[in-house]
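Single-structure report; data block below.
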């Protein structure tokens, strides 16, 4: 008997721009995927919920500060579904205090958009990063699951991604959803999605 | 109801590196000689609103500052009142 398809939800905010990359990546793995509006409470059951990349509310006040107040984020089923924040999603999760720390401006003060090497599960993978506020500080007790191999943005301990195993919450600045398809020249993102699948 | 005006000043905590301030210090060095210049950056928010009492007004501003204007992990704020 075949396994029941993973059910994934992707929250879209005003200013989100990675929802379709994330949806297409989920569908590559055969996951049943739908978009969730920021303005609606999450009442359906999902195995995994993504807060995708982008510039929610124009990064006004600070990146992720306004998105944390939306009905969708306020009703996240913490501890039930696996919750994954990518880039702006990571910023939202720290602002909502669902993950420790905060993401401040890159040391260079420049927007960084490039492919970087990272340590992930005792191997080196390559993923794109694209952010202005990715300088992570104030890490608490979560497991570090992704670490930059070089100082990309000034993050403490070169942290790129963390995982709160108890509450099933993950945040990461790199974009695994942009490294799934052969035509994009990078497929290491598949390893990250396979990791999500393992811990559902 | 009474009118209130609160000025909320938000800045990075002293232990958090202020990269924009460092850029400002470097820029100033090209402009004019200043001894021991130490800059910090921040934002000012001016809130005009109505409330029943000063207590209510203080609670409103504290909620806005704690939840939206400042992130206590990296920022601190102070409130000035103009009546």
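The values are calculated or read from the model by the stated rules, or taken from the named source; none is laboratory data. Bear in mind the structure is a predicted one, so any value in this text is a computation, not a measurement. No Cβ is skipped: glycine too gets one built from the backbone with ideal geometry, and neighbour counts run over all protein chains shown.
Looking only at strands (runs of 3 or more DSSP E) that fall completely inside chain B, which ones have 2 or more residues that are within 13 Å of chain A (Cβ to nearest Cβ), under 25 Å from residue A:66 (Cβ atoms) and touching a residue at least 40 places away in the same chain (Cβ under 8 Å)?
It comes to B:2-12, B:75-82.
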| query | Which residue, of A:67, A:96, is within 14 Å of chain B (Cβ to nearest Cβ) and either touching a strand residue (DSSP E or B) at 6+ places or on another chain (Cβ under 7 Å) or touching a residue at least 40 places away in the same chain (Cβ under 8 Å) (or both)? | reply | A:67
| Residues of segment A:100-126 that turn out to be touching a strand residue (DSSP E or B) at 6+ places or on another chain (Cβ under 6 Å), away from every other protein chain (no Cβ under 14 Å) and either in contact (Cβ under 8 Å) with a residue 40 or more places away in the chain or surrounded by 19 or more Cβ atoms within 10 Å (Cβ to Cβ) (or both), as a count | 6
| request: Could you please find all residues in segment A:74-93 being closer than 10 Å to residue A:168 by Cα and either within 14 Å of chain B (Cβ to nearest Cβ) or not in a loop (DSSP other than H, G, I, E, B) (or both)? | output: A:82, A:83, A:84
| remark: All conditions in (1) away from chain B (no Cβ under 14 Å); (2) at positive phi; (3) assigned to a helix (DSSP H, G or I) are true of residue A:57 except (1)
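Among the residues of segment A:94-104, is any in a strand (DSSP E or B) and within 14 Å of residue A:171 (Cβ to Cβ)? Give the derivation first.
Quick first cut of segment A:94-104, residues in a strand (DSSP E or B) only: A:102-104.
Cutting the leftovers down to within 14 Å of residue A:171 (Cβ to Cβ) gives us A:102-103.
Yes, there is a match, as at least one residue in segment A:94-104 is in a strand (DSSP E or B) and within 14 Å of residue A:171 (Cβ to Cβ).
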| task | Provide a single number: the residues in segment A:77-95 that are farther than 21 Å from residue A:177 by Cα and either out of contact with any helix residue (DSSP H, G or I) (no Cβ under 7 Å at 6 or more places or on another chain) or at pLDDT below 95 (or both). | result | 4
| request: Of all residues in segment A:144-186, count the ones that are within 14 Å of another protein chain (Cβ to nearest Cβ), surrounded by fewer than 22 Cβ atoms within 10 Å (Cβ to Cβ) and either assigned to a helix (DSSP H, G or I) or touching a residue at least 60 places away in the same chain (Cβ under 8 Å) (or both). | output: 1
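Filter segment A:109-123 down to residues that are on the phi > 0 side of the Ramachandran plot and modelled with pLDDT of 95 or more, then give me how many there are.
Total meeting the criteria: 2.
Would you be able to say whether some residue in segment B:50-59 is under 22 Å from residue A:59 (Cα atoms), surrounded by fewer than 15 Cβ atoms within 10 Å (Cβ to Cβ) and touching a strand residue (DSSP E or B) at 6+ places or on another chain (Cβ under 8 Å)? Before the answer, list the steps.
Going residue by residue through segment B:50-59, those that are under 22 Å from residue A:59 (Cα atoms) are none.
No, every residue in segment B:50-59 fails to be under 22 Å from residue A:59 (Cα atoms), surrounded by fewer than 15 Cβ atoms within 10 Å (Cβ to Cβ) and touching a strand residue (DSSP E or B) at 6+ places or on another chain (Cβ under 8 Å).
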| task | Please tell me if residue A:4 is surrounded by fewer than 16 Cβ atoms within 10 Å (Cβ to Cβ) and either over 13 Å from the mean Cα position of the chain (by Cα) or under 23 Å from residue B:66 (Cα atoms) (or both). | result | yes
| field | Odd one out for residue A:133, checked against (1) crowded, with 16+ Cβ neighbours inside 10 Å; (2) assigned to a strand (DSSP E or B) | value | (2)
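Do we find that residue A:53 is within 14 Å of residue A:177 (Cα to Cα) and surrounded by 17 or more Cβ atoms within 10 Å (Cβ to Cβ) in this structure?
On the way: within 14 Å of residue A:177 (Cα to Cα): yes; surrounded by 17 or more Cβ atoms within 10 Å (Cβ to Cβ): yes.
Yes; evaluated as a whole, the condition is true for this residue.
Filter segment A:46-73 down to residues that are within 16 Å of residue A:168 (Cβ to Cβ) and under 9 Å from the mean Cα position of the chain (by Cα), then give me how many there are.
Restricting attention to segment A:46-73, the residues satisfying the condition of being within 16 Å of residue A:168 (Cβ to Cβ) are A:46-51, A:73.
Remaining after also requiring under 9 Å from the mean Cα position of the chain (by Cα): A:50-51.
Number of matching residues: 2.
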